[in-house]
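Readers should treat all values here as calculations from the given coordinates under stated rules, not as data from a laboratory. Source: prediction; values computed, not measured. Ideal geometry is used to build each Cβ from the backbone, glycine not excepted, and the neighbour counts take in all protein chains shown.
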Amino acid sequence: MQSDTAARMRSAGKAALAPGAAAVAATAMVAAPVPAHADTTAGKAAPAPQPLRVKFRRSNILFGRRVPVTGQLLTGQPGRKVLLQVNRGHGWDNVDRAITGARGRFRLSFRPHGLGSYRMRVRLVGPVAAGPAAATSGPPLARSAIHTRGRVTVYRSSFASWYGPGFIGGRTACGGTLSAGELGVANKTLPCGTKVRFYYHGRSVTARVVDRGPYVAGREWDLTPAVKARLGFPSTGEVWSTR
């Protein structure tokens, strides 16, 4: 009898506590902290693919020549406006525009107004609409498209020679000591320390004005042995320069 009475009392106690226990369990489930190793990036969208394919066809040109640029809008849309923009350190300027043709293809170009280096980019005007190419390439395309990769350096043609043997270790007109590894040039008028970029048959190097000369008619530069070696330059000849 005593054991039966105790059993009934335990059953009654469990029934009375059941609603509260269920509430505590539910609260614990809601408030449970997220494990530190949980992946919180699962809901983020994958990076949008580049909707423009662009080819900057020249990276080194002589002053006065045009820089051709070709490309394609990967959605394949005709009738869309694209802009060619350049930057010389003071913001992006529009230099040409085109309308995409068949399969989204376009051609652009510009004629630089001075020597030196220009950054280039192509920008699609307006949103990128879905098209046959976009449908098979994965995630949706971005709402705007800018392709920034191009750079062109503009030179002028000049005549140069080289010097060094007999001068290595000596003082230069700019106050330094000429070393065998000096990436320098001699010029009659440019301020000492002026940086000049040279280009010769596919090779380029930046050198500083470290000396005066050459004093031979028709020559504008005397290259140090290190510059001559970097360019693969002969004893005398035509070289492209940015000054």
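Placing +1 on each Lys and Arg Cβ and -1 on each Asp and Glu Cβ, with no other charges, gives the range 50-98 a dipole about its Cα centre of roughly 160 debye. Placing pseudo-labels 7 Å out from each Cα toward the beta carbon at Arg103 and Ser179 gives an inter-label distance of 5.4 nm. Sorting the segments 100-109, 182-191, 166-175, 218-227 by their mean number of nearby beta carbons within 10 angstrom, highest to lowest, gives 218-227, 182-191, 100-109, 166-175. Going from the residue with the fewest nearby Cβ atoms within 10 Å to the one with the most, Leu83, Leu52 rank Leu83, Leu52. Annotation: the residues Ser158, Ser241, sorted from fewest to most other C-beta atoms within 10 Å of their own C-beta, follow the order Ser158, Ser241. Backbone N atoms of the range 60-84 closer than 14 Å to the 7 Å Cα→Cβ label point of Trp92 belong to residues 82-84.
If you stretched the chain out fully between Ser235 and Arg57, how much longer would it get, using 0.36 nm times the residue separation minus the C-alpha to C-alpha distance?
Result: 61.0 nm gained on full extension.
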